[in-house]
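Participant: Below is the structure I would like to discuss, written out as structure tokens.
The values are calculated or read from the model by the stated rules, or taken from the named source; none is laboratory data. For clarity, every value in this text was computed on a predicted model and none was experimentally measured. Cβ atoms come from the backbone with ideal geometry, glycine included; neighbour counts cover every protein chain shown.
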2 protein chains.
Amino acid sequence: MESAEQFTRYVPWSPAEKKAARRAFDQALERHLSAIIAEARRRMANVVDPSDLWELETYLSQSRKTIDRTYQYRYSVLLRVFSMLLRDGWLKEADLVGLQSDKIAEIKDGAEAFRRIFNDTGETPDES
Amino acid sequence: MESAEQFTRYVPWSPAEKKAARRAFDQALERHLSAIIAEARRRMANVVDPSDLWELETYLSQSRKTIDRTYQYRYSVLLRVFSMLLRDGWLKEADLVGLQSDKIAEIKDGAEAFRRIFNDTGETPDES
């Protein structure tokens, strides 16, 4: 798993961009959580025996860890976080409106790089 | 939490009693698991925000531990396990048919002793 920490660097964010970034971050988080809740509901509806229930427990436990690990709102790592979220489909390009064009370009380039490097490890909405 | 281990002693079980004991054990386990599944369904239906989902995760995790810890099918501790299950309501007196009367009496005495000693720590069907 890639770590956002290793890419830490200083990036200036204007107040307007911070507001847009927070909105984009929250939208991605809400989308991701909604997908997890929908998947948990689907699994719960299909519980036939205890093993199904314990698989749901494992799914929820892993989902919680993914959420905690992924959604770190720190400006020093935010471009990288956005790149990962864009790659995984939780963030849409349209959510980035309000950020400066160089930041948007960097986020998209980062997402593309993540796609190439971590081609078969990403969790995407389609897979969940 | 009381441990069944500390009460380990040799108890003779006839083949017919072993069969009856296995049936009683399975009935209690099925009842307990059904209650957990029903409670999980109730909680899932009431999930409004992520914290509700993580509370469901915690509930499932604790339930799995309780099941793993409680349901130990070993003849050396079975009377004690049955006493605990009888106290907690997962085992009914009617389930004990097929066991010798001295064993049934010991299980009931044990359940009563557990009720007195661990009066406010037991997980019961009514509380779950």
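Participant: So, residue A:30, is that one more than 30 Å from residue B:34 (Cα to Cα), free of Cβ contacts under 8 Å to residues at least 60 places away in the same chain and away from chain B (no Cβ under 14 Å) or not? Don't jump to the end; show me each part of the working.
Facilitator: On the way: more than 30 Å from residue B:34 (Cα to Cα): yes; free of Cβ contacts under 8 Å to residues at least 60 places away in the same chain: yes; away from chain B (no Cβ under 14 Å): no.
Considered against the rule, which asks whether it is more than 30 Å from residue B:34 (Cα to Cα), free of Cβ contacts under 8 Å to residues at least 60 places away in the same chain and away from chain B (no Cβ under 14 Å), residue A:30 comes out as no.
For (1) farther than 22 Å from residue B:62 by Cβ; (2) surrounded by fewer than 20 Cβ atoms within 10 Å (Cβ to Cβ), each residue gets a yes or a no:
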| residue | (1), (2) |
| --- | --- |
| A:17 | yes, yes |
| A:27 | yes, yes |
| A:46 | yes, yes |
| A:62 | no, yes |
| A:76 | yes, yes |
| A:79 | yes, no |
| A:86 | yes, no |
| A:89 | yes, yes |
| A:93 | yes, yes |
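Participant: In region A:33-54, what residues are part of a helix (DSSP H, G or I), in contact with a helix residue (DSSP H, G or I) (Cβ under 8 Å, 6 or more places away or on another chain) and facing chain B (nearest Cβ under 10 Å)?
Facilitator: Of region A:33-54, the ones part of a helix (DSSP H, G or I) are A:33-45, A:50-54.
Then keep just the ones that are in contact with a helix residue (DSSP H, G or I) (Cβ under 8 Å, 6 or more places away or on another chain); that gives A:33, A:36-37, A:39-41, A:43-44, A:50, A:52-54.
Correct list: A:33, A:36, A:37, A:40, A:41, A:43, A:44, A:50, A:52, A:53, A:54.
Participant: Looking at residue B:27, is it in contact with an Asp or Glu (Cβ under 6 Å, 6 or more places away or on another chain) and either under 23 Å from residue A:52 (Cα atoms) or assigned to a loop (DSSP other than H, G, I, E, B) (or both)?
Facilitator: Yes: the conditions hold for residue B:27.
Participant: Considering only residues that are β-branched (Val, Ile, Thr) and modelled with pLDDT under 95, look in region A:72-128 and name the one that is farthest from residue A:15 (Cα to Cα).
Facilitator: Our first condition is that a residue be β-branched (Val, Ile, Thr); within region A:72-128, this holds for A:77, A:81, A:97, A:104, A:107, A:117, A:121, A:124.
The next check asks that each one be modelled with pLDDT under 95; those that pass are A:77, A:117, A:121, A:124.
Working: A:77: 17, A:117: 33, A:121: 35, A:124: 31 Å.
Looking at residues that are β-branched (Val, Ile, Thr) and modelled with pLDDT under 95, I get A:121.
Participant: On to the next question. Could you tell me whether region A:66-87 includes any residue that is more than 30 Å from residue B:26 (Cβ to Cβ), at the interface with chain B (Cβ under 10 Å from one of its Cβ atoms), under 10 Å from the mean Cα position of the chain (by Cα) and of a type in the set (A, V, I, L, M, F, W, C)?
Facilitator: Yes, because at least one residue in region A:66-87 is more than 30 Å from residue B:26 (Cβ to Cβ), at the interface with chain B (Cβ under 10 Å from one of its Cβ atoms), under 10 Å from the mean Cα position of the chain (by Cα) and of a type in the set (A, V, I, L, M, F, W, C).
Participant: Let me ask something additional. Conditions: (1) in contact (Cβ under 8 Å) with a residue 12 or more places away in the chain; (2) farther than 24 Å from residue B:54 by Cβ. Residue A:15 meets all but one. Number of the miss?
Facilitator: Failed condition: (1).
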